[in-house]
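The values are calculated or read from the model by the stated rules, or taken from the named source; none is laboratory data. Quick caveat, the model's predicted, so the values are computed rather than measured. Cβ placement follows ideal geometry from the backbone for every residue including glycine, while neighbour counts extend to all protein chains displayed.
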Amino acid sequence: MLTAATLVASVLALHLPSLVIAQSVLAHVIVGNTAQYDIGQWTSDINLAAKYHIDGFVLNIATPYDGTTSTQLSLAFQAVHALPTSVPFKLLLSFDYLGGAGAWVDADVINIMKTYCPSGAYFHVDGKPMVSTFEGPLNSNIQDWLYINGSIPGGIYFVPDWTSLGPEGFSTDLVDGAFSWDMWPDGAENASTAADSAWVDWLSPARKSYMMGVSPMFYTDLPAYNKAWVWRGDDMWWRRWQQVLEVLPDFVEIVTWNDFGESHYVGPIYHPGVPNTPTANATAYVDGYSHQAWLRTLPYQIAAYKHAYNASKPAPTVAKDKIVYWYRNAPANAGNTKVTGNNCKSDTNLFGYQMCFAVSDVLQDSIFAIVLATKSVTATISIGSGEPTVFLGLTAGINFISRPFSGETGKVEVSLSSGAHGEGPAIVSEPVRGVANFNAYVQCAGGC
Ligand SMILES: *[C@@H]1O[C@H](CO)[C@@H](O)[C@H](O)[C@H]1NC(C)=O
Ligand SMILES: *[C@@H]1O[C@H](CO)[C@@H](O)[C@H](O)[C@H]1NC(C)=O
Ligand SMILES: *[C@@H]1O[C@H](CO)[C@@H](O)[C@H](O)[C@H]1NC(C)=O
């Protein structure tokens with residue numbers, strides 16, 4: 001006999017999507033870079049992320065647990081607990097197996113999860129706490145996750161980044177989903193969905209979820225860590241979000257909120273978190289290069305994603321016209337650098353694995369902009385006293401434009417026919433103090 005309860009259960013089983021709070025957008029936070037945070041700083045970062053519609057932070061934690069990691073986890077969770085209910089922000093853990101003092105041991109992973117997963121501040125999927133990793137296959141036994149899962153009452157929702165194994169490189173029985181770190185272009189290519197599609201094609205038949213990475217750029221020059229390369233960023237803040245609409249992943253992870261050394265931060269620059277030693281010093285390429293204006297486009301991009309994934313979610317809208325623009329302030333071939341295009345083997349990067357390119361072959365010398373418009377507008381971008389480049393017929397919604405430097409130098413100015421006007425630091429022909437800097441200035445004009 002069909003009782004009301006079984007009827008409800010079977011109706012729910014038919015109509016509930018398997019992931020009750022999929023289509024979430026999270027941001028990757030390097031907890032090691034928050035070493036001197038206090039609760040006020042966590043609250044401020046969380047409110048900023050929530051203001052731009054990010055649903056939660058993925059807290060990347062490296063060994064050892066005692067010290068910064070344990071102190072900062074506690075503060076971050078306290079900060080989320082204290083939020084008003086109008087801010088539905090959550091946190092989840094990502095165990096970093098390559099950073100810090102080496103691989104995590106299972107007992108610590110289980111203890112940390114037992115401490116934080118039951119928290120109301122923890123991000124749950126299908127009633128289970130979501131847990132991720134940064135790698136692990138190279139220095140731990142990934143089968144252990146079955147035991148770890150079994151040690152947490154009710155289990156976990158496990159979405160590791162095991163990109164080193166690639167799709168088909170492990171059993172889908174071990175996981176609930178996968179996250180891919182493979183999100184930057186190779187050489188002079190545009191960012192593509194090839195890697196994302198390979199993961200989705202493998203995960204979907206097993207009914208496992210996919211978390212897609214969205215990053216605005218990647219540039220690092222930290223010789224002490226054998227890291228001195230750049231990948232094409234250029235238009236990624238536009239292109240990758242468009243690709244999210246094609247791939248329609250179950251989750252998006254923004255990479256990152258605060259990794260200053262790799263230049264892909266979108267959160268506020270926090271000076272104690274910027275690498276600053278004689279042989280690993282990101283200060284020169286991070287100081288003065290706020291990326292927070294990239295956050296300004298997020299409410300639109302996130303709404304577009306959620307609406308495309310689930311039509312019952314509101315379609316994206318633009319309240320006020322704005323233009324978010326970014327560029328490097330010198331041509332890519334100006335100045336001295338040991339930085340290479342791609343993560344290729346060089347004297348400053350002994351562990352490279354890709355083909356080497358000149359930076360100028362990988363990066364485009366252009367000013368890039370996203371225009372969010374309430375109705376049709378015209379945009380102009382000019383450099384110095386040169387002729388402005390005019391972009392006619394931009395439409396209501398989101399638009400992407402760019403103009404090459406074309407050898408021009410001088411102050412950058414952007415404007416929209418609806419009134420926005422912004423200026424930015426000059427494009428110069430030689431970088432300041434002779435050393436090339438491939439980080440981007442990011443700014444916003446109009447209803448920012
Ligand atoms: C994790 O444990 C839960 C609860 O015991 C179980 O339902 C789930 O299948 C387990 N997950 C994996 C990947 O084995
Ligand atoms: C990158 O994309 C742009 C615009 O879609 C296109 O014009 C260009 O040819 C592409 N470049 C490569 C290397 O595919
Ligand atoms: C790092 O670089 C900055 C800016 O160039 C400089 O002021 C600072 O002294 C450097 N720090 C170290 C430890 O070398």
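Answer yes or no as to whether Leu83 is crowded, with 17+ Cβ neighbours inside 10 Å and either in a strand (DSSP E or B) or more than 14 Å from ligand 1 (Cβ to nearest atom) (or both). No. For region 149-169, a tally of residues being among the hydrophobic types (A, V, I, L, M, F, W, C) and over 19 Å from Leu98 (Cα atoms) returns 2.
Of all the numbered requirements in (1) crowded, with 16+ Cβ neighbours inside 10 Å; (2) without any contact (Cβ under 8 Å) to a residue 24 or more places away in the chain; (3) of a type outside the set (Gly, Ala, Ser), Val324 misses one, and that requirement is (2).
Checking each residue in region 256-307 for being in a helix (DSSP H, G or I), over 30 Å from Glu246 (Cα atoms) and hydroxyl-bearing (Ser, Thr, Tyr) picks out Thr283, Tyr285. Taken together, Trp231, Trp294, Trp238 contain a single residue that is away from ligand 3 (no atom under 16 Å from the Cβ), among the hydrophobic types (A, V, I, L, M, F, W, C) and more than 14 Å from the chain's Cα centre (by Cα), which is Trp231.
If we scan region 279-289, do we find a residue that is touching a helix residue (DSSP H, G or I) at 6+ places or on another chain (Cβ under 6 Å), away from ligand 1 (no atom under 16 Å from the Cβ), under 23 Å from Arg433 (Cα atoms) and of a type in the set (Ser, Thr, Tyr)? Scanning region 279-289, I find at least one residue that is touching a helix residue (DSSP H, G or I) at 6+ places or on another chain (Cβ under 6 Å), away from ligand 1 (no atom under 16 Å from the Cβ), under 23 Å from Arg433 (Cα atoms) and of a type in the set (Ser, Thr, Tyr), so the answer is yes. For first residues located in region 48-66 and closer than 27 Å to Ala304 by Cβ, partners that are modelled with pLDDT under 95 and lie 6+ apart or on another chain with Cβ distances below 7 Å form the pairs Ala50/Val87.
Taken together, the residues in region 407-448 that are without any contact (Cβ under 8 Å) to a residue 12 or more places away in the chain and in a loop (DSSP other than H, G, I, E, B) amount to 1.
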